[in-house]
Amino acid sequence: MSFEKQQIFETFQEKDKKLIKLKQAAIWASQYLRRKVTISNISYLIQYGLITRYGNDGNPLISIDELKKYYDSFNKEKQWKKILGDDLNWYLSFVKYKESERTKHVHRLHPYKGKFIPQLVEYFLDTHTDEFKKEVHFHKGDIVLDPFCGSGTTLVQGNELGMHAVGIDISFFNALISNAKVEKHNFTKLSKAIHNLTIKLRKFQENKANTLLEKHLLYELTKFNTKYFPSPDFKRKV
């Protein structure tokens, strides 16, 4: 098929689909999923070939039916309700929260594999009620004990809600992280210490072989991706 015929064929294909712009897609997806979906989120789906991009580079369009099909394939609520029934407390899935919200403020201070998200602690500690949480069990000024406190998520959220939180953990490192999160700090001194450490680290890395290796590796990866993954359409076909 010639290039001109291919363009005409694709134009007819596009007319048969409900095509919308990225901004409209983000608004629609936010309403459909009942959580914030950004233009960047939609662009990510296009970039990795998860949905098809129509239109052109200056005016990318996507099919609303394809977008709906993609999100429906990940609708865990419907899948689990078929297995467990309608009394499933889907509030506790917290799917509406973005990653940045699930690791808000100090919860992102250091990686920790065993932690749960702060919204889970808030659900049980705060004063709201719903169809599953019928009673309020904790109030401002109460003492909350977490005997296996890990990285201190419960302690932080307890403090945030005006409660006194006590944590215990067998790991010295876990206790160190938890204390760093809940103690009061002098931010001026902290900023100065971070600045000094950053300068020393940069000087230390200046002539190290690993820096050159990382640059070379990124260059080679770019070449590889350009050759074998030249477009989202190719990724979709793979």
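The values are calculated or read from the model by the stated rules, or taken from the named source; none is laboratory data. The model shown is predicted, which means the values in this text are computed figures rather than measured ones. Ideal geometry is used to build each Cβ from the backbone, glycine not excepted, and the neighbour counts take in all protein chains shown.
Select from segment 45-74 the residues that are of a type in the set (S, T, Y) and at pLDDT below 85 and write down the one among them that is nearest to T226 (Cα to Cα).
The initial filter retains those residues of segment 45-74 that are of a type in the set (S, T, Y), namely 48, 52, 54, 63, 70-71, 73.
The next check asks that each one be at pLDDT below 85; those that pass are 48, 73.
Details: Y48: 13, S73: 29 Å.
My answer is Y48.
Which one is nearest to the chain's Cα centre (by Cα) among residues in segment 125-150 that are part of a loop (DSSP other than H, G, I, E, B) and acidic (D, E)? Break it down into steps so the answer makes sense when it comes.
In the first step, residues of segment 125-150 are kept if they are part of a loop (DSSP other than H, G, I, E, B); the result is 126-142, 147-150.
So of that shortlist, the ones also acidic (D, E) come out as 126, 130-131, 135, 142.
Details: D126: 24, D130: 26, E131: 27, E135: 31, D142: 32 Å.
It comes out as D126.
Where residues in segment 193-238 are among the polar types (S, T, N, Q) and part of a helix (DSSP H, G or I), which of them is modelled with the lowest pLDDT?
It comes out as T211.
On the given criteria, is K184 surrounded by fewer than 18 Cβ atoms within 10 Å (Cβ to Cβ) and either within 22 Å of L92 (Cα to Cα) or under 29 Å from the mean Cα position of the chain (by Cα) (or both)? Let's see the steps before the verdict.
On the way: surrounded by fewer than 18 Cβ atoms within 10 Å (Cβ to Cβ): yes; either within 22 Å of L92 (Cα to Cα) or under 29 Å from the mean Cα position of the chain (by Cα) (or both): yes.
Yes, satisfied.
Run E122 past the list (1) surrounded by 13 or more Cβ atoms within 10 Å (Cβ to Cβ); (2) assigned to a loop (DSSP other than H, G, I, E, B) and report the number of the one that doesn't hold.
For E122, the exception is condition (2).
I'd like the full set of residues that are buried (at least 17 other Cβ atoms within 10 Å of the Cβ) and either out of contact with any Asp or Glu (no Cβ under 6 Å at 6 or more places or on another chain) or of a type in the set (A, V, I, L, M, F, W, C) (or both), limited to segment 127-159. Can you show your working first?
Our first condition is that a residue be buried (at least 17 other Cβ atoms within 10 Å of the Cβ); within segment 127-159, this holds for 144, 146, 149-158.
Answer for segment 127-159, where residues must be buried (at least 17 other Cβ atoms within 10 Å of the Cβ) and either out of contact with any Asp or Glu (no Cβ under 6 Å at 6 or more places or on another chain) or of a type in the set (A, V, I, L, M, F, W, C) (or both): V144, D146, C149, G150, S151, G152, T153, L155, V156, G158.
Being touching a residue at least 40 places away in the same chain (Cβ under 8 Å), surrounded by 10 or more Cβ atoms within 10 Å (Cβ to Cβ) and closer than 30 Å to F94 by Cα: is that true of A175 here? Please lay out each step first, then the result.
Details: touching a residue at least 40 places away in the same chain (Cβ under 8 Å): no; surrounded by 10 or more Cβ atoms within 10 Å (Cβ to Cβ): yes; closer than 30 Å to F94 by Cα: yes.
Taking the combined requirement at face value, the residue does not satisfy it.
For the structure I just gave you, tell me whether I62 is under 28 Å from E101 (Cα atoms) and free of Cβ contacts under 8 Å to residues at least 40 places away in the same chain. It would help to see each step written out before you state the result.
Working: under 28 Å from E101 (Cα atoms): yes; free of Cβ contacts under 8 Å to residues at least 40 places away in the same chain: no.
No, not satisfied.
Quick check on D169: is it in contact with a Cys (Cβ under 6 Å, 6 or more places away or on another chain), free of Cβ contacts under 8 Å to residues at least 60 places away in the same chain and in a loop (DSSP other than H, G, I, E, B)?
On the way: in contact with a Cys (Cβ under 6 Å, 6 or more places away or on another chain): yes; free of Cβ contacts under 8 Å to residues at least 60 places away in the same chain: yes; in a loop (DSSP other than H, G, I, E, B): yes.
Here the answer is yes, as D169 does meet what is asked.
So in segment 93-106, with the set limited to residues that are part of a helix (DSSP H, G or I) and not hydrophobic (A, V, I, L, M, F, W, C), which one is farthest from S151 (Cα to Cα)? Step through it out loud before you land on a result.
Our first condition is that a residue be part of a helix (DSSP H, G or I); within segment 93-106, this holds for 93, 99-102, 105-106.
Keeping just the survivors that are not hydrophobic (A, V, I, L, M, F, W, C) gives 93, 99-102, 105.
Details: S93: 21, E99: 17, S100: 17, E101: 17, R102: 14, H105: 14 Å.
Among them, the one singled out is S93.
Evaluate the following for E122: is it under 19 Å from V95 (Cα atoms) and free of Cβ contacts under 8 Å to residues at least 24 places away in the same chain? Break it down into steps so the answer makes sense when it comes.
Details: under 19 Å from V95 (Cα atoms): yes; free of Cβ contacts under 8 Å to residues at least 24 places away in the same chain: no.
Answer is no for this residue.
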